[in-house]
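Below you'll find the structure, written out as structure tokens, and then a few comments.
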Amino acid sequence: MRPRNQFRLLQKKRYDAKRFSNPYFQTKPKRNWRGIVIATGVGLGLFCLVSVVFASPFFAIQRVDVTGTDTISPTEIVQKAWEQLRTRRLVFFSGTNRFLYDESRLRAALGSAYAFETLAIREACDWKGGGCGLTIAVHEKTSQLLWMSGDRLYLADLQGVVIRELAPEEVAAWKAPEPPPQNPLPDGSLPIAVPIDPLRKLPLFVDVNASPTSVGSAVLTKDEVANLFAFERQLGDMRILFSQVNIDRLAGKWMAVKTLAGFNILIDASGDIPAQILNLQVLLRDTLKDTSNLQYIDLRFGDHVYYK
């Protein structure tokens, strides 16, 4: 048997491991330029294709139309829709692209600002180069009362649900003083009366705690709204004029009708309204002949009526 040379075997292993090499005689690996050029071309082609599909005005939503509004300005809804559509998608692109357009996000954005009875969104595209358009058809909930919380004013329905917040110009028109009565014209006829702002005809309910309010939230129950309206109708029949209803939720069942005579009438809106009206009538007929110094009448405790 041929003797083994352990030293030679060890050196061979070191050589095969290539732990030591001469830097001046190293061979550099060859680059596959053909593959690099092909990969770069494919990448640029994909980028151009994505840019054409997602950034071209041919596939963009260019028109938003609103129909069916009553008290809300269509321009206001259009502006709200564009704010949502122009939000970024895929970092570089806009939601106005018909492929990136998300109807659920648009519905959520409009629903957070308005409480519609119905909301329908229809998309139509003109493939001859006119781009795409959205038609938003709405049916507003019937507003029956004004809800004030702090310096913000809202419309609410008969269910006590907030429909929408009034725009600054609507609040300014509501707060503006009524025009003075106009003198007759030289021919004796009366000039055309300035139309009354329809918001002035709605009853005002004031949250004295100025609690945060959002569209779609319930500020009153259906029964409370019905009872408050019934109480105000009875006050009208009694020729007691009032301006607003103040509501303090932190104080329990504290709801006060503020009369133009200067005193408040505290009522329980979840209680027996006919009984409270009867107690008020008896008090004003038999006990309080003069209300000039009256501060309040409290009807919340059944047959026990308090006043100051």
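In the range 292-308, which residues are free of Cβ contacts under 8 Å to residues at least 40 places away in the same chain, within 21 Å of ILE247 (Cα to Cα) and not in a loop (DSSP other than H, G, I, E, B)? Reasoning before the result, please.
Initially, the range 292-308 is screened for residues free of Cβ contacts under 8 Å to residues at least 40 places away in the same chain, giving 292-295, 297-299, 301-308.
Retained after the next criterion (residues that are within 21 Å of ILE247 (Cα to Cα)): 294-295, 297-299, 301-302, 305-308.
Across the range 292-308, the qualifying residues are ILE297, ASP298, LEU299, PHE301, VAL305, TYR306, TYR307.
Among the residues of the range 96-108, which ones are of a type outside the set (Asp, Glu), surrounded by fewer than 13 Cβ atoms within 10 Å (Cβ to Cβ) and without any contact (Cβ under 8 Å) to a residue 24 or more places away in the chain?
Applying the first criterion (of a type outside the set (Asp, Glu)) to the range 96-108 yields 96-101, 104-108.
If we keep only those that are surrounded by fewer than 13 Cβ atoms within 10 Å (Cβ to Cβ) too, we end up with 99, 104, 108.
Selection gives SER104, ALA108.
Step by step: first the residues of the range 266-279, then only those that are of a type in the set (A, V, I, L, M) and at pLDDT 90 or above, then the one that is farthest from PHE242 (Cα to Cα). Which residue is that? Even if it seems obvious, please write down each step before you answer.
To start, the set of residues in the range 266-279 that are of a type in the set (A, V, I, L, M) comprises 266-267, 269, 273, 275, 277-278.
Narrowing the set further to residues that are at pLDDT 90 or above leaves 266-267, 273, 275, 277-278.
Numbers: LEU266: 13, ILE267: 14, ILE273: 17, ALA275: 20, ILE277: 15, LEU278: 18 Å.
Applying the filter and picking the extreme gives ALA275.
Which ranges mark the strands (runs of 3 or more DSSP E) fully within the range 93-170 that have 1 or more residues being among the polar types (S, T, N, Q)?
116-126, 131-140, 145-149
Any chance you could count how many residues in the range 86-104 are farther than 22 Å from LYS141 by Cβ and either among the hydroxyl-bearing types (Ser, Thr, Tyr) or modelled with pLDDT of 85 or more (or both)? If you could, list the steps in order and put the result at the bottom.
Taking the range 86-104 first, the residues farther than 22 Å from LYS141 by Cβ are 86-102.
From the residues that got through so far, the ones that are either among the hydroxyl-bearing types (Ser, Thr, Tyr) or modelled with pLDDT of 85 or more (or both) too are 87, 94, 96, 101.
Counting residues in the range 86-104 that are farther than 22 Å from LYS141 by Cβ and either among the hydroxyl-bearing types (Ser, Thr, Tyr) or modelled with pLDDT of 85 or more (or both) gives 4.
Mind checking whether some residue in the range 144-163 is exposed (fewer than 11 other Cβ atoms within 10 Å of the Cβ), over 26 Å from ALA226 (Cα atoms) and free of Cβ contacts under 8 Å to residues at least 12 places away in the same chain?
Taking every residue of the range 144-163 in turn, none turns out to be exposed (fewer than 11 other Cβ atoms within 10 Å of the Cβ), over 26 Å from ALA226 (Cα atoms) and free of Cβ contacts under 8 Å to residues at least 12 places away in the same chain.
Taking only the range 266-307 into account, find how many residues are open to solvent by less than 60 Å² (accessible area, probe 1.4 Å) and polar (S, T, N, Q).
3
Going by the structure shown, is ALA226 under 30 Å from VAL161 (Cα atoms) and either touching a strand residue (DSSP E or B) at 6+ places or on another chain (Cβ under 6 Å) or open to solvent by less than 30 Å² (accessible area, probe 1.4 Å) (or both)? Explain how you work it out, then say what you get.
Working: under 30 Å from VAL161 (Cα atoms): yes; either touching a strand residue (DSSP E or B) at 6+ places or on another chain (Cβ under 6 Å) or open to solvent by less than 30 Å² (accessible area, probe 1.4 Å) (or both): no.
No, not satisfied.
Name the single residue that is most open to solvent (accessible area, probe 1.4 Å) among those in the range 109-143 being farther than 22 Å from ASP197 by Cβ, touching a residue at least 60 places away in the same chain (Cβ under 8 Å) and among the hydroxyl-bearing types (Ser, Thr, Tyr).
SER112
If we scan the range 184-199, do we find a residue that is touching a residue at least 40 places away in the same chain (Cβ under 8 Å), on the phi < 0 side of the Ramachandran plot and crowded, with 17+ Cβ neighbours inside 10 Å? Working first, answer last.
First, the residues of the range 184-199 that are touching a residue at least 40 places away in the same chain (Cβ under 8 Å): 198-199.
Of the ones still in play, those that are also on the phi < 0 side of the Ramachandran plot are 198-199.
From the residues that got through so far, the ones that are crowded, with 17+ Cβ neighbours inside 10 Å too are 199.
Yes: one or more hits.
The values are calculated or read from the model by the stated rules, or taken from the named source; none is laboratory data. Keep in mind the model is a prediction, meaning the values are calculated, not measured. Note that we place each Cβ from the backbone using ideal geometry, even for glycine, and neighbour counts take in every protein chain shown. When the accessible area is computed, the model is the full protein with side chains, heavy atoms only, and any ligands, DNA or RNA have been set aside. Shrake-Rupley method; radii C 1.70, N 1.55, O 1.52, S 1.80 Å.
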